[in-house]
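Colleague: My structure is below; once you've seen it, I'll send some questions.
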Ligand SMILES: NC(=O)c1ccc[n+]([C@@H]2O[C@H](COP(=O)([O-])OP(=O)(O)OC[C@H]3O[C@@H](n4cnc5c(N)ncnc54)[C@H](OP(=O)(O)O)[C@@H]3O)[C@@H](O)[C@H]2O)c1
């Protein structure tokens, strides 16, 4: 029987690559994404189910878990990959920008974990991998929201490691450095940063004496 993995944010970047790697390793892959038409190359592969999942929508999470258990009767691995960066001065971030950063990177991840745990506890087995970041290990200027959301993921994972080991469930983080995925194009700069053209401002090159 194939092992079953659920991956969030599989439309592109790390999520897409992780889905393809698991498929190659003979897993049954549940590749989830906000728009199910956004990754045609995954659609063509055997043993890959593409399901709609916005991690901020509990109903989407429930639908994916229900589908997986009904069809395969097991969940071996959850990869919590979905995420984005909200950058800029904290003072300039709106309440909506602040909350959305945590809704996606932290609360969405918690809801996915809570979604798979009943089945993993029943199996007395399972692995949860939270894609954190090097930004979850130390602070940097202008990235307080993103970094703190990833610090939260690191802290949550460390605590759950003790809690879940009682049930035979393993949980860990992967903390990548900077990679050229869609991440840098999807950064949400605060509205004020956008007005000032933070993204476009180029350093004037110093003329050599
Ligand atoms: N690339 C880096 O340098 C880097 C470094 C450290 C950590 N990371 C982490 O790696 C993870 C993957 O990022 P990436 O580098 O692969 O970036 P990416 O290419 O921008 O991919 C991000 C993925 O997250 C999805 N996503 C965003 N909001 C979502 C939501 N509300 N519900 C479900 N999916 C959502 C995106 O879906 P849509 O296509 O629908 O937008 C996309 O599939 C993130 O957690 C990121 O923080 C990245």
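Colleague: Fewest first, what order do 78, 45 take by the number of other Cβ atoms within 10 Å?
Modeller: 45, 78
Colleague: Compute the angle between helix 108-123 and the longest alpha-carbon principal axis of the chain, please, reported from 0 to 90 degrees and rounded to the nearest 10.
Modeller: It is inclined by approximately 20 degrees.
Colleague: Residue 137 to residue 26: extension gain in nm, 0.36 nm per residue of separation minus the Cα-Cα distance?
Modeller: 36.7 nm
Colleague: Highest mean first, what order results for 188-196, 149-157 on Cβ atoms within 10 Å?
Modeller: 149-157, 188-196
Colleague: Here's something else I'd like to know. Given R₀ = 22 Å, FRET efficiency for residue 37-residue 71 by Cβ-Cβ distance, to 0.05?
Modeller: 0.55
Colleague: Below 8 Å between Cα atoms, with a sequence gap of 6+, how large is the relative contact order for the chain in percent?
Modeller: Normalised by residue count, the contact order of the chain is 20 percent.
Colleague: Right, something else. Cα-based Rg (one decimal) and Dmax (whole number) for the chain, in Å?
Modeller: 18.5, 71
Colleague: Another question, then. For n ≥ 4 DSSP H runs only, could you compute -39500 (n - 2.57) per run for the chain, divide by its residues and tell me the 222 nm figure to the nearest 500?
Modeller: -12500 deg cm²/dmol
Colleague: Ranking request for peptides 87-93, 118-124: highest mean number of other beta-carbon atoms within 10 Å first, then the rest in descending order.
Modeller: Per-residue Cβ counts within 10 Å, averaged per peptide and sorted highest first, yield 87-93, 118-124.
Colleague: Here's a follow-up. Report the extension gain between residue 91 and residue 56 in nm, rounded to one decimal, defined as 0.36 nm multiplied by the number of residues separating them, less their alpha carbon distance.
Modeller: 10.2 nm
Colleague: Roughly what angle does helix 144-165 make with the longest principal axis of the chain, taking Cα atoms, 0 to 90 degrees, to the nearest 10?
Modeller: 20
Colleague: Set the Förster radius R0 to 35 Å, insert the Cβ-Cβ distance between residue 172 and residue 195 as r into 1/(1 + (r/R0)^6), and round the FRET efficiency to 0.05.
Modeller: 0.30
Colleague: Follow-up question, since we're still on this one. I'd like to know how region 36-121 sits against the 2.2 N^0.38 Å rule of thumb: what's its Cα Rg over that expected value?
Modeller: Taking N as the residue count of region 36-121, the ratio is 1.29.
Colleague: Further question: Rank the residues 99, 12, 180 as a footprinting-exposure proxy: fewest other Cβ atoms within 10 Å of their Cβ go first.
Modeller: Lowest to highest Cβ neighbour count: 180, 99, 12.
Colleague: Sort 181, 68, 8, 143 so the one with the fewest other Cβ atoms within 10 Å of its own Cβ comes first.
Modeller: 181, 143, 68, 8
Colleague: Measure nothing fancy, just the Cα-based angle from helix 13-24's long axis to the longest principal axis of the chain, in degrees from 0 to 90, nearest 10.
Modeller: That helix lies at roughly 30 degrees to the long axis.
Colleague: Ratio of Rg to Rh for region 24-64, alpha carbon only, Kirkwood?
Modeller: For region 24-64, the value is 1.00.
Laboratory data are not the source of any read-out in this text; all were calculated from the coordinates shown. For clarity, every value in this text was computed on a predicted model and none was experimentally measured. All Cβ positions, even for glycine, are placed from backbone atoms using ideal geometry, and neighbour counts span all protein chains on display.
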